[in-house]
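Undergrad: One structure, as structure tokens, below. Some questions next.
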Amino acid sequence: VDESVPPQTLAARTLSAVAEYIKDGKAKRIVVLTGAGISTAAGIPDFRSPGTGLYANLARLNLPHAEAVFDISYFRQNPEPFYVLARELYPGKFHPTVSHAFITLLARRGLLSHLFTQNIDCLERRAGVPADKIVEAHGSFATQRCIDCRREYPDGPMREHVERGQVPRCEDETCGGLVKPDIVFFGEQLPSDFERSLHHLSMADLVLVIGTSLTVFPFAKLPDLTLDGKPRVLFNLERVGTMGTQADDVLELGDCDSGIRKLADELGWREELEELWTGI
Ligand code: APR
């Protein structure tokens, strides 16, 4: 144990201390922050992992730089690359992971204050996390609209266009603008409920950060909005952001599903978790 850290805090820097903290009823409001790393086990590539990340595999789209595929000004000029990608990413083909199921389990036990996700795959919804507990900070494929007149379009025709590799346009002949899913592109505003939900971080007793490089702001600032003395746990292949710099940080580095299963074992929730997951 790190003697320099005050005994009354989590201090032991291990998952078993986090489990004790939860079992002692000290974590009534848990906030979870997720990124693409929580969905890689579902078969969806993340963005920045060397070699396997999406940004390392877009060469065929001849982009000026990888993130252009999600840049609104580039999209206006060249909407095709995004639609090629949308075909691969469109929700419905993928199944939630056991880490997604753990978030649902937290909600069922009344411990989930809020989930902030950067992902657009809707797997948290699919896993059964209550919609009113989810902030999709970077939007999702759930709805789509014209980027000029903002007219909303139903999901069906959109999906057909994407499947056929066509770029959907606004049906209003005075507009003819490009129709895009409500995914937040670089250069666009985050959904209004992102700012409105930030208070959950300062009220959190515990924050779990799962599968994110914490490189994209303002989402990446969320872990730093917690109050001092409140534990923050990172489930990630590598250390990221400011995680590990506070006395109560716990770093569970490695595959997030393994780290989550380890926490579930420490909590005595493992059987319930696996049952919930197979039932999704
Ligand atoms: N277990 C744990 N960590 C993992 C796993 C896994 N199975 N797979 C990947 N990771 C980690 C990677 O090591 C990396 O640190 O998850 C992180 C994923 O980081 P990114 O690929 O940058 O994804 P994310 O943080 O969600 O990106 C944020 O960038 O392009 C924008 O809008 C896009 O929402 C996205 C945002």
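Read-outs: derived from the displayed coordinates by stated rules, not from any lab. Please read all numbers here as calculations on a predicted model, not as lab measurements. Positions of Cβ are generated from backbone atoms using ideal geometry, with glycine treated the same way; all protein chains shown enter the neighbour counts.
Undergrad: Would you mind checking the tilt of helix 256-267 against the longest principal axis of the Cα atoms of the chain, expressed as 0 to 90 degrees and rounded to 10?
TA: Once rounded, the angle reads 40 degrees.
Undergrad: Label point 7 Å out from THR174 along Cα-to-Cβ: which residues of the range 143-158 have amide N under 17 Å?
TA: Hits in the range 143-158 for THR174 at 17 Å: 146-152.
Undergrad: Using modelled amide H (1.01 Å from N, peptide plane; none on Pro or chain starts), what sits under 5 Å from the amide H of SER140, excluding residues fewer than 5 places away?
TA: Correct list: ASP182, ILE183, VAL184.
Undergrad: Using the number of other C-beta atoms within 10 angstrom as an exposure proxy, rank ASP132, ASP148, ASP193 with the fewest first. Provide the component values of the computation, followed by the final result.
TA: Details: ASP132 6, ASP148 15, ASP193 11.
The fewest-first ordering by Cβ neighbours comes to ASP132, ASP193, ASP148.
Undergrad: With a sphere of radius 9 Å drawn around the Cβ of LEU251, what net charge do the other residues whose Cβ falls strictly inside it have (Lys, Arg +1; Asp, Glu -1)?
TA: Working: positive: ARG13, ARG239; negative: ASP249, GLU252.
Net charge around LEU251: 0.
Undergrad: Moving to a separate point now. What relative contact order, as a whole-number percentage, does the range 19-164 give when Cα pairs under 8 Å and 6 or more residues apart are counted?
TA: Numbers: 174 pairs, mean separation 34.2, N = 146.
It comes to 23 percent, rounded to a whole number.
Undergrad: So how strong a dipole does the chain carry about its Cα centre when Lys and Arg Cβ are +1 and Asp and Glu Cβ are -1, to the nearest 20 debye? Don't skip to the answer; put the middle values down first.
TA: Numbers: 30 positive and 40 negative charges, 43 e Å.
It comes to approximately 200 debye.
Undergrad: List every residue whose amide H lies under 5 Å from the amide H of LEU208, counting only residues 5 or more places away in sequence or on a different chain, with H placed 1.01 Å from N in the peptide plane.
TA: HN-HN under 5 Å from LEU208: VAL31, VAL32, LEU33, VAL233.
Undergrad: Suppose we flag GluC sites (Glu not before Pro) only when DSSP calls them loop and at most 16 other Cβ atoms lie within 10 Å. Which is the longest uninterrupted stretch of the chain? Working shown, then result.
TA: Numbers: sites that count: GLU3, GLU171, GLU173, GLU238.
Segment 4-170 is the longest.
Undergrad: Now for a different question. Taking the Cα of LEU111, stepping 7 Å toward and past its beta carbon, and measuring to each backbone N in the range 27-41: which are under 16 Å?
TA: 27-33
Undergrad: Give the separation of the Cα centroids, the range 104-155 to the range 241-268, in Å.
TA: With the range 104-155 and the range 241-268 each reduced to a Cα centre, they are spaced 24 Å.
Undergrad: Now a separate question. Can you compute 3J(HN,Hα) from phi for each residue in the range 94-100, using the Karplus curve 6.51 cos²θ - 1.76 cosθ + 1.60 with θ = phi - 60°, rounded to whole Hz and x for Gly and Pro?
TA: Listing the rounded values in order: 10, 10, x, 8, 5, 5, 4 Hz.
Undergrad: Karplus couplings for the range 39-45 from phi (6.51 cos²θ - 1.76 cosθ + 1.60, θ = phi - 60°), rounded to Hz, Gly and Pro as x?
TA: Along the range 39-45, the couplings run 9, 5, 5, 8, x, 9, x Hz.
Undergrad: Just want the answer: with Cβ charges of +1 for Lys and Arg and -1 for Asp and Glu, which residue in GLY229, SER213, ILE280 is farthest toward the dipole's positive end in the chain?
TA: The residue sitting farthest along the positive end of the dipole is ILE280.
Undergrad: Can you tell me the FRET efficiency between GLU274 and VAL167 if r is taken as the Cβ-Cβ distance and R0 is 35 Å, rounded to the nearest 0.05?
TA: Values: r = 43 Å, r/R0 = 1.22.
According to the calculation, E is roughly 0.25.
Undergrad: Which distance in nm do the two modelled labels at ARG239 and ASP132 give, with both placed 7 Å along the Cα-to-Cβ direction?
TA: Distance between the two pseudo-spin positions: 4.0 nm.
Undergrad: Can you sort THR226, THR97, THR212 by how many other beta carbons sit within 10 Å, fewest first?
TA: Working: THR226 20, THR97 24, THR212 31.
In order of increasing Cβ crowding within 10 Å: THR226, THR97, THR212.
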